[in-house]
Amino acid sequence: MTRVECTRESEIFEAIAAGRALSDELGTHAAGCAICRDLADVASAIHRDFNAAMREAHVPSSGVAWWRIQRRAQEKAVRVASRTVTFVQLATLAGTVCLVLAILGGMSLMKQDWKLWIDRAYFSAIDYFTSPAITQWATPIFFITAICLTLVPFAIYYAVTEE
């Protein structure tokens, strides 16, 4: 395939792109050369469309532009703050779960033989934790823990959703 070019293409293109009228010599050449005629037609159409678009373009006022910038800044601040709040909620939830598990672990140890876990020097502590005054709280603590563990999935859902 042979490439067909004209040596005056760049001159015609530069004149049209700059918005200048073609000189008599370039106009005569463009009328006689098929390549330059096509270039002049296409480049002129594009240049006309560009000028029309520039005239019709609506540039907002400075007040509207300022308002939009402020809105974007506020929305970004809200996104950053909500991420921080979500992180704090999840950290609090994790701490609560750890605390509940520690309480449950302590309750299960209260019912086991403490002699396996504590040295002889701590027998007085065993007597304290197995006393009726302490074991009477086992049932309420168990129910409170069960309620907390039931509510944890809902708390996770509300902490993670972006609304």
- Name the pairs: first residue in region 45-56 and closer than 12 Å to Gly19 by Cα, second residue loosely packed, with under 11 Cβ neighbours inside 10 Å, Cβ to Cβ under 7 Å, at least 6 apart or on different chains? His47/Gly19
- Query: For region 122-163, which fully contained helices (runs of 4 or more DSSP H) count at least 3 residues that are modelled with pLDDT under 80 and exposed (fewer than 11 other Cβ atoms within 10 Å of the Cβ)?
  - Reply: 138-160
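Can you say whether Leu22 is modelled with pLDDT under 85 and at negative phi, as far as the supplied structure shows? It would help to see each step written out before you state the result.
On the way: modelled with pLDDT under 85: yes; at negative phi: yes.
Yes, satisfied.
The values are calculated or read from the model by the stated rules, or taken from the named source; none is laboratory data. If you're wondering where the values come from, they're calculated on a predicted model, not measured in any experiment. Don't worry about glycine lacking a Cβ; one is built from the backbone with ideal geometry, like all the others, and counts go over all protein chains shown.
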